[in-house]
1. Dividing the Cα radius of gyration by the Kirkwood radius, what Rg/Rh value follows for region 106-149?
2. Nearest 5 percent is fine: what portion of the DSSP beta bridges confined to the chain is antiparallel?
3. If you average the sequence gap of Cα pairs under 8 Å that are 6 or more apart and divide by the length of region 1-57, what percent do you get for the contact order?
4. Per Stokes-Einstein, at 10 °C and 1.306 mPa s, what whole-number D in µm² s⁻¹ belongs to region 158-282, with the Kirkwood radius over Cα pairs as the hydrodynamic radius?
5. Apply the a/c threshold of 1.5 to the C-alpha gyration tensor of region 180-249 and tell me whether it is rounded, prolate or oblate.
6. Please sort by residue number the trypsin sites (Lys or Arg not before Pro) in region 96-188 whose DSSP state is loop and whose Cβ has at most 11 other Cβ atoms within 10 Å.
7. When you take every Cα atom in region 128-190, what is the radius of gyration, and what is Dmax, the widest Cα pair distance, in Å?
8. Which loop trypsin sites (Lys or Arg not before Pro) in region 268-305, with loop taken from DSSP, have no more than 13 other Cβ atoms within 10 angstrom of their Cβ?
Amino acid sequence: MKAIKVIEPFKVEIVDIPKPEIEKGDDVIVRITSGGICGSDIGIWNGTNSLATYPRIIGHEFGGIVTEVGNDVTKVKVGDKVAVDPVVSCGHCYACSIGRHNVCTTLEVMGVHRDGGFTEYVIADEKNIHKFNVDFEDSLLGLVEPYTIGVEINNRAQIHKGDKVLIMGSGPIGIAAMQVAKRNGAEVMMTDLVKERLEKAKSMGADETVLVSEENLEDRIAAFTDGEGIPVVIDTVCVPASFEQSVQLACPAGRVVVLGLKNQPSGITMADITKKELTIVGSRLSCNAFDEVIAGFEDGSLTPQELMTKAFNYKDVMDALTMIKEHPQDVLKIVLKFED
Ligand SMILES: [Zn+2]
Ligand SMILES: [Zn+2]
């Protein structure tokens with residue numbers, strides 16, 4: 001079967017590898033129908049993803065149709081449409097023992113630390129497989145994972161009905177988090193430097209959008225919250241300055257969600273946090289979020305079809321990567337379809 005392999009930075013090949021076979025009772029084999037290309041795939045391609053090792057079959061956003069199951073599998077059956085959680089954890093470290101396997105001490109993500117889902121067939125444990133309850137468009141099955149990032153952000157920030165939320169950055173993660181927050185009953189303001197991205201965010205449900213290159217964000221927040229200040233800030237821009245700004249913008253007793261993986265220090269002081277008694281939380285990957293996303297896809301509150309900018313056949317992966325490289329502003333999510 002075919003797979004997309006990054007041999008070394010900037011060297012991508014479509015290779016032939018053996019099709020997986022059932023080995024354990026809880027194994028499930030999925031014929032992949034679609035995969036979403038993520039910023040971290042781009043980072044593996046161009047050598048800027050510090051977590052990756054080479055050569056690597058990339059892809060951590062993928063889904064498809066079950067073709068084979070081990071003897072002990074009860075949750076899914078052949079023919080089910082499913083999304084695959086790429087997070088592999090040990091099950092017994094402290095984080096795993098309290099149900100937060102997404103930050104397991106020996107965490108591995110398929111497509112980053114081990115081979116991933118940009119291939120015709122994938123084998124995974126039953127616990128990583130999440131099924132759709134209705135028939136769903138094949139090309140969108142790979143977009144559950146990016147929305148799970150949005151669920152994790154909402155859970156970490158404890159976003160509830162009536163909350164006012166500022167999301168800095170209107171890329172795919174910002175938009176996914178926004179749609180989940182709207183599903184949770186929050187009101188959401190989003191920022192960006194690109195007008196078209198804000199128009200997209202608005203059309204997908206954002207209550208307010210702020211073009212930060214032209215508008216004063218603090219004034220807009222004051223109007224949005226009746227002068228109260230913003231209780232929840234989600235930083236999807238992920239640079240030291242945006243982290244500092246998030247802490248500064250959050251109102252007393254506010255919550256700030258951090259997603260960046262950069263190793264650069266920020267100029268935040270203890271007093272910035274203590275005076276307002278802020279809750280600052282990290283959010284990484286996702287924890288028990290797949291079924292909630294699938295429910296959102298099925299009830300129409302989450303709209304992956306609008307997140308998808310374009311679909312390419314997997315054989316044209318270089319065209320897809322080039323489009324993302326040359327027109328990053330115009331791309332939200334590129335999907336690879338695995339079909340002949
Ligand atoms: Zn991703
Ligand atoms: Zn663990």
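Bear in mind that the values in this text are calculations on the coordinates, not laboratory data. Since the structure is predicted, the reported quantities are computational estimates derived from the model, not experimental observations. Cβ: placed from backbone, ideal geometry, glycine included. Neighbour counts: every protein chain shown.
1. 0.96
2. 55
3. For region 1-57, the relative contact order is 46 percent.
4. 110
5. rounded
6. Here the trypsin sites (Lys or Arg not before Pro) that fit, given the DSSP loop and packing criteria, are 161.
7. Calculated on Cα positions, Rg and Dmax stand at 12.8, 35 Å.
8. Listed in order of number, the matching sites are 275.
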